[in-house]
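Comments concern the structure below.
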Amino acid sequence: MTDVPLFRHRRHIVLVIEDDSANRQLLASLLTRERYAVRTAVDGESGLIAALDPDLDLILLDIGLPRIDGLEVTRRIRLDRRARTVPIILLTGRSGVEEMVAGLDAGADDFVSKPFERPELLARMRSAIRMREAILGMESAQAVVAALANAVEAKDITTELHCQRMAGLAAQLGERVGFGDEELEGLAYGALLHDVGKIGVPEGILTKAGPLSPDEWTVLRRHPEIGERICQPLGLSRSFVTIVRHHHERWDGLGYPDRIGGEAIPPGARIVGLVDAFDAMTHDRPYRAALTLDVAMDEIRSGAGKQFDPALAPVFLEILEATTVKPN
């Protein structure tokens, strides 16, 4: 039984940038059979020119290109507004964490190792195209936000409903400390999308039952920056993109990705960071069982002025006290 193309309204256009003629022909033949329209480039220079075609839906890019390698090609593509949202899947003969980090930093959306498995490559392509169409084709900002939040939860099943819970708690805290209507709207979007960058983190890291290695932590800590890049094309992103980038900063300046602290952290990011930590503590994770409410609240008290904004922490604890049903 042959695969049925997922999208029927038109043939999606894929640019293959690959210097090896055998691999280039193999990919072109495979994708043509799958009813993609295929364009090819033999090196980084010609690939950069072809990547600016406004009709492109996806780029498959070999990392090991001569002269201008795939990472540099990715960086240059991301600097051009015309191609900023086109998904880039890197093809690599290596699968080390260092190269993965470099690719994410450059702006790639996904990786496929060579020699690739046909079903995996096609599935990753479909996923990347779906994500782009969700961003560009939906009629309302609310629908885009919901689609992105659902995409995160579909990838990391251990955090199911995490974003929805976060949005509700963050809104309560924001209202309590005097956020206006527009600020509350941005706070809700930021809470829903704070982890959208985990789309670019391998599932093996997200669901690992034991402690992460230093290299795995390095990859995971890229997700705020990836999330910022995913959200920037959205017209309303200015109201919440700083939340997505900075929700893992700490009051004492020891957080990530930018190690800013205190009032330099945007207020919305301080709120989402606090609520995110509480929700993570009180729900099961692959590496530990949920903490009790009392233990989690004690952790917030002890973290005030270190991890958390010392003015926000007591207000949040008041909200938790007021909404918790106490046993008789």
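No value in this document is a laboratory result; all are computed from the given coordinates. Everything numeric here is computed off the predicted structure, so don't read it as measured data. Quick reminder, even Gly has a Cβ in these numbers, built from the backbone with ideal geometry, and neighbours come from all protein chains shown.
Observations, loosely collected:
- In order through the range 241-252: 3J(HN,Hα) via Karplus (6.51 cos²θ - 1.76 cosθ + 1.60), integer Hz, x for Gly, Pro: 5, 5, 5, 4, 6, 10, 6, 9, 6, 10, 4, 7
- Spin-label zone in the range 184-219 - amide nitrogen under 19 Å from a point set 7 Å from the Cα of ARG288 along the C-beta vector: 205-214, 216-218
- Max mean-square fluctuation residue, GNM over the chain, Cα-Cα springs under 10 Å, options SER46, SER239, SER127: SER46
- Selected from LEU291, LEU274, LEU220 as most flexible by GNM, with the chain as the system and alpha-carbon contacts under 10 Å: LEU291
- At an R0 of 22 angstrom, the distance between the Cβ atoms of ARG259 and GLU318 translates into a FRET efficiency of 0.15.
- Among VAL295, VAL101, VAL14, the largest mean-square fluctuation in a Gaussian network model of the chain (Cα springs under 10 Å) belongs to VAL295.
- Percent of Cα-Cα distances greater than 19 Å, calculated over the range 140-323: 56
- Dipole magnitude of the range 13-136 about its Cα centre (Cβ charges: Lys, Arg +1; Asp, Glu -1), debye to nearest 20: 380
- Set of aspartates and glutamates near LYS208 by C-alpha distance (under 15 Å), chain-local residues within fewer than 8 positions excluded: ASP156, GLU216, ASP284
- Mean residue ellipticity at 222 nm, helices only, the chain: -15500 deg cm²/dmol; runs of at least 4 DSSP H residues each add -39,500 (n - 2.57), and the sum is divided by the number of residues.
- Here the residues TYR287, TYR256, ranked from fewest to most Cβ neighbours within 10 Å of their Cβ, fall in the order TYR287, TYR256.
- Ratio of Rg to Rh for the chain: 1.01 [Cα atoms; Kirkwood radius as inverse mean 1/r over pairs].
- Taking only alpha carbon atoms, the range 13-136 gives an Rg to Rh ratio of 0.92, where Rh is the Kirkwood radius.
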